[in-house]
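Take a look at the structure set out below.
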Amino acid sequence: MPVPHDLIDSPGTILLDGAMGTELHRRGVDTALPLWSAGALESAPDMVRTIHQNYVMAGSRIITANTFRTTTFTYLRAGYEIDDARATAHHKAQLAVSLARDAAGNQALVAGSMAPVADCYSPHDYPGISIAKDTYRELAHWLKEAGTDLLLLETHITLEETQVALQSAMATGLPVLVSFLINEDLNLWGGKSLHEAIKTAVGEGAAGILINCVTLPLARMGVDALAAQTDGLFGVYANAGRSHPSMDGAIAEKVPDEEYVAAALQWKAAGARMIGGCCGTTPSTIELMNKELSRLA
């Protein structure tokens, strides 16, 4: 099995995996909010494992455990009482990492996902620093306890919440990657600039910085900005849609894998070393990307 820091520090492209939530939906699994992809840990755990396996077979070197919504806060939103919400979230986080670890074997690292506490597309839903601290401290501990190799803070939109998440993640001693959701003004959806976000991530000790859950044109803008503003490891995993996905991750008009991979090769040429896929991408997307990256190498 690769060692996290060795993989992160190695030259060449690090191929990430693709979507989990939209892939579950595509395969007929219920992904209703507020649990979204976490619901599959109860209803279809074998499918979660299979999707991870498909990404590993496609060439992913890092796969992300299905912990995007395995938090006490989310299960409270789903109607659980506090003790049951915490116990269920803990169990599902452990299960999600176990499923990813089973799939990864000795071929890939497992990242634990730490998403915005409330919603990726609604900065005004941020519940405040107190709830954020409790949520991230708890989740980061569970993810390390379950055996993740690194932590991935993904789709972050407000700077205060990102910093709280980073501090909790860094306290585990695991390598931490942080990924932002940006708009056409190169600002986080919460209003702060990507430049400020990069400074915060670097200041807190993040091992790499990414952009995710954006359209292909916006991904290119983000990559160019990262190339100009950081000397460290950076990357991108975009959506496979012509526009942003709906609140539940649905893609209205999907771009062909060939178009996605062509864009990914441009990201690589611009300096991105971590490349994968977000909403709407599939194991086929990653397989084609792996083939083209291998051909270039």
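The values are calculated or read from the model by the stated rules, or taken from the named source; none is laboratory data. Because the structure is a prediction, the values reported are computed rather than measured. All Cβ positions, even for glycine, are placed from backbone atoms using ideal geometry, and neighbour counts span all protein chains on display.
Values for this structure:
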| item | result |
| --- | --- |
| Residue in region 283-297 that is nearest to the chain's Cα centre (by Cα), counting only those that are surrounded by fewer than 12 Cβ atoms within 10 Å (Cβ to Cβ) and assigned to a helix (DSSP H, G or I) | SER294 |
| Residues of region 179-223 satisfying the condition of being of a type in the set (S, T, N, Q) and closer than 16 Å to ALA165 by Cα | SER179, THR200 |
| Subset tally (residues that are in contact with a Leu (Cβ under 9 Å, 6 or more places away or on another chain), surrounded by 13 or more Cβ atoms within 10 Å (Cβ to Cβ) and farther than 19 Å from GLY277 by Cα) for region 9-33 | 1 |
| Test for THR148: is it among the β-branched types (Val, Ile, Thr) and either touching a Cys at 6+ places or on another chain (Cβ under 7 Å) or over 23 Å from ILE8 (Cβ atoms) (or both) | no |
| Residues of region 203-219 classified as of a type outside the set (Gly, Ala, Ser) and at positive phi, total | 1 |
| Among (1) hydrophobic (A, V, I, L, M, F, W, C); (2) over 22 Å from SER243 (Cβ atoms); (3) in contact with a Ser or Thr (Cβ under 9 Å, 6 or more places away or on another chain) - the single one CYS278 does not satisfy | (2) |
| Meets criteria (among the polar types (S, T, N, Q) and modelled with pLDDT of 95 or more) for THR31 | no |
| ALA225 in a helix (DSSP H, G or I), under 16 Å from the mean Cα position of the chain (by Cα) and within 21 Å of GLY277 (Cα to Cα) | no |
| Residue within region 251-263 that is assigned to a loop (DSSP other than H, G, I, E, B), free of Cβ contacts under 8 Å to residues at least 12 places away in the same chain and charged (D, E, K, R) present | no |
| Any hit, region 189-202, residues being crowded, with 18+ Cβ neighbours inside 10 Å, farther than 18 Å from PRO123 by Cα and among the aromatic types (Phe, Trp, Tyr) | no |
| Residue tally, condition at negative phi, under 14 Å from the mean Cα position of the chain (by Cα) and not aliphatic (A, V, I, L, M), over region 150-193 | 5 |
| Answer residue from region 46-97, given it is surrounded by 19 or more Cβ atoms within 10 Å (Cβ to Cβ) and of a type in the set (Phe, Trp, Tyr) and is nearest to LEU143 (Cα to Cα) among those | PHE68 |
| First in region 268-297 and on the phi > 0 side of the Ramachandran plot, second anywhere and surrounded by fewer than 23 Cβ atoms within 10 Å (Cβ to Cβ) and at pLDDT 95 or above, Cβ under 6 Å, 6 or more apart | GLY271/ALA227 |
| Enumeration of residues in region 75-131 that are acidic (Asp, Glu), part of a helix (DSSP H, G or I) and under 30 Å from ASN187 (Cβ atoms) | ASP125 |
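Rundown of residues vs (1) within 17 Å of ALA250 (Cβ to Cβ); (2) β-branched (Val, Ile, Thr), yes/no style:
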residue	(1), (2)
THR22	yes, yes
ASP30	yes, no
PRO34	yes, no
MET47	no, no
ILE51	no, yes
ALA58	no, no
THR64	no, yes
